[in-house]
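Colleague: Next up is a structure, given as structure tokens.
The values are calculated or read from the model by the stated rules, or taken from the named source; none is laboratory data. No experiment lies behind these values; they were computed from the predicted model shown. Every residue, glycine as well, gets a Cβ built from its backbone with ideal geometry; the counts of neighbours run over all protein chains shown.
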Amino acid sequence: MRIIGRNDLFLLLGLAIALFAITSQPIGRAVAYVQEVERSLGLQLLPGLVILAAVFAFHLVRKRQEARDEALTAATELRQATARAEEMERLVEFGKALAESLTYDSIRAAAVSHFSKLTGDRPSWAMVRTSTHWRRLTVTGDIPLADCERTAQMTLGETVLPGAGAKHRNDVTFPMIVAGEPVGVVGVAADPPLDEQQRSVLAAAAAMLAVSLKNAELFQVVHENSVRDSLTGCFNRKHAMEVIDGELRRARRSHLPLSMIMFDLDHFKQINDGYGHLCGDAVLADVGQRMNAVLRGSDVKCRYGGEEFLILLPDTTAAGAKRVAELVRTKLEETPVRWNNIDVPVTASFGLTAANPGELEVKSLIGRADAALYRAKQNGRNCVFSADETEALA
């Protein structure tokens, strides 16, 4: 610790000068001369000089204080500018992460990773509005989801359905809107209070999040249209091959069963020739709808050729696949397709097989199902044959 500071040195210097003035004869003679001039001219120079020195000293003190105040203001502005720059940098990073996200899961990961940085670690939440319900995108802090949904509904002016224990939160909310359509709501705890800069950043983040969610929705629609047959709603052949390859690898890792059904509509050419191709299209579309009604969501439905279809059944044995094939065959046989007030009968022939343990060859699996289908056609059509039965007859 220093005993004598910078200001003390100035004081000591002043005392030394004062002592020099007291003991210096030339200075004494100068003062006496000034006093003689004052008496001869009737002036008061010394008091005036004292007042001038005091005013000058006061002026210097004020200038120094003003300089300190300006330095303090500049430092405060610098801190605020640095904070704003950091907030904008975090916002830009969030935007970059969203730009690289084309699925709901990747958008959610970006929101989870970046949103706490934008909110200053305040409790926050983001809810996405779907056609039927509200879906959680991200929640930080101990916030009940029911409370988030209720607050989001009230923010958008929707009818609030009664919920068990749900209450409205006093959060600062930012609606996510794209082209006038509400996409969701972002909520941030109001304590500690948000300043205008923070509100602007969070509003921009909510807007970017809304656009990203809408883009992901459009991307999903485009992707679905690119991998599905527009007439039947089933996967097209190319995409189905990729899915089957992935399911074979999954079955190998998990050691779970996997089965495949291939079926072909009987005498489909006669339907086209007798009723027209528009009727044939109606039959194919109806077959796709019946498959969706009967099969599980996890089952892979593919239009393999003109009137030929593939069904991949994960976690299903050959015996289970045979029951599924019989169910689909019965539904087709029992319900004719209505076309121009005419009932058009539809039947199909089915072949099925189960994947061998550790099998990874897609063509081999399809080949066995196709051979079983060929045997079903030889056996009079409108029936189900398995690859095991085909091998036994061979």
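Colleague: Within the range 355-372, can one find any residue that is among the polar types (S, T, N, Q), under 16 Å from D264 (Cβ atoms) and in the same structural domain as R290 (by TED's automatic domain parsing)? Walk me through it before giving the result.
Modeller: To start, the set of residues in the range 355-372 that are among the polar types (S, T, N, Q) comprises 356, 364.
Restricting the remaining residues to those that are under 16 Å from D264 (Cβ atoms) gives none.
No, the range 355-372 contains no residue that is among the polar types (S, T, N, Q), under 16 Å from D264 (Cβ atoms) and in the same structural domain as R290 (by TED's automatic domain parsing).
Colleague: Let me ask something else about it. Output the number of residues of the range 306-317 satisfying the condition of being within 16 Å of A369 (Cα to Cα) and surrounded by fewer than 20 Cβ atoms within 10 Å (Cβ to Cβ). Please lay out each step first, then the result.
Modeller: Narrowing the range 306-317 to residues within 16 Å of A369 (Cα to Cα): 307-314, 316-317.
Filter again for surrounded by fewer than 20 Cβ atoms within 10 Å (Cβ to Cβ), leaving 308, 314, 317.
Count: 3.
Colleague: Still on this structure: Mind listing whichever residues of the range 272-287 are under 19 Å from F235 (Cβ atoms), surrounded by fewer than 17 Cβ atoms within 10 Å (Cβ to Cβ) and not small (G, A, S)?
Modeller: The answer is D281, and nothing else.
Colleague: Check whether at least one residue in the range 204-219 is farther than 30 Å from H114 by Cβ and free of Cβ contacts under 8 Å to residues at least 12 places away in the same chain, and report yes or no.
Modeller: Checked the range 204-219: no residue is farther than 30 Å from H114 by Cβ and free of Cβ contacts under 8 Å to residues at least 12 places away in the same chain.
Colleague: Another question, if that's okay. Among G305, G280, which is the only one that is assigned to a loop (DSSP other than H, G, I, E, B) and closer than 17 Å to D229 by Cα? Break it down stepwise before answering.
Modeller: Values: G280 fails: assigned to a loop (DSSP other than H, G, I, E, B).
Only one candidate passes the filter, namely G305.
Colleague: Out of E70, E66, E89, report the one residue that is outside the structural domain of L218 (by TED's automatic domain parsing), closer than 27 Å to R199 by Cβ, part of a helix (DSSP H, G or I) and not β-branched (V, I, T).
Modeller: Of E70, E66, E89, the one residue that is outside the structural domain of L218 (by TED's automatic domain parsing), closer than 27 Å to R199 by Cβ, part of a helix (DSSP H, G or I) and not β-branched (V, I, T) is E89.
Colleague: Quick check on my filter: what residues within the range 353-364 are more than 38 Å from the chain's Cα centre (by Cα) and either buried (at least 20 other Cβ atoms within 10 Å of the Cβ) or aromatic (F, W, Y) (or both)?
Modeller: T353, A354
Colleague: Take the conditions at pLDDT below 85, of a type outside the set (V, I, T), closer than 24 Å to V201 by Cβ and surrounded by fewer than 16 Cβ atoms within 10 Å (Cβ to Cβ) and apply them to E86. Does it pass?
Modeller: So E86 passes the test.
Colleague: Residue under question is I261, and the condition is that it be surrounded by 15 or more Cβ atoms within 10 Å (Cβ to Cβ), in the same structural domain as D343 (by TED's automatic domain parsing) and outside any helix (DSSP H, G or I); does it hold?
Modeller: yes
Colleague: Among the residues of the range 185-203 satisfying the criterion of being within 17 Å of G95 (Cα to Cα) and buried (at least 17 other Cβ atoms within 10 Å of the Cβ), which is farthest from the chain's Cα centre (by Cα)? Outline the logic, then answer.
Modeller: In the first step, residues of the range 185-203 are kept if they are within 17 Å of G95 (Cα to Cα); the result is 186, 198-203.
The next check asks that each one be buried (at least 17 other Cβ atoms within 10 Å of the Cβ); those that pass are 186, 198, 201-202.
On the way: V186: 12, Q198: 21, V201: 17, L202: 15 Å.
Out of the qualifying residues, it is Q198.
Colleague: Would it be correct to say that R338 is surrounded by 13 or more Cβ atoms within 10 Å (Cβ to Cβ) and either under 46 Å from the mean Cα position of the chain (by Cα) or basic (K, R) (or both)?
Modeller: It is false that R338 is surrounded by 13 or more Cβ atoms within 10 Å (Cβ to Cβ) and either under 46 Å from the mean Cα position of the chain (by Cα) or basic (K, R) (or both).
Colleague: Moving on. Any idea how many residues of the range 104-143 are polar (S, T, N, Q) and farther than 16 Å from G184 by Cα?
Modeller: The qualifying residues number 5.
Colleague: Restricting attention to the range 227-241, which residues are loosely packed, with under 12 Cβ neighbours inside 10 Å and part of a helix (DSSP H, G or I)?
Modeller: K238
Colleague: Given the residues R290, R249, which is the only one that is out of contact with any strand residue (DSSP E or B) (no Cβ under 9 Å at 6 or more places or on another chain), surrounded by fewer than 21 Cβ atoms within 10 Å (Cβ to Cβ) and touching a residue at least 60 places away in the same chain (Cβ under 8 Å)?
Modeller: Going through R290, R249 in turn, the sole match is R249.
Colleague: Continuing with this model, one more query. From the residues in the range 365-394 that are of a type in the set (G, A, S) and surrounded by fewer than 17 Cβ atoms within 10 Å (Cβ to Cβ), which one is modelled with the lowest pLDDT?
Modeller: Going through the qualifying residues, I end up with A394.
Colleague: Kindly indicate the residue of the range 100-157 that is acidic (D, E) and in a helix (DSSP H, G or I) and also surrounded by the most Cβ atoms within 10 Å (Cβ to Cβ) among those meeting that condition.
Modeller: Here the residue is E149.
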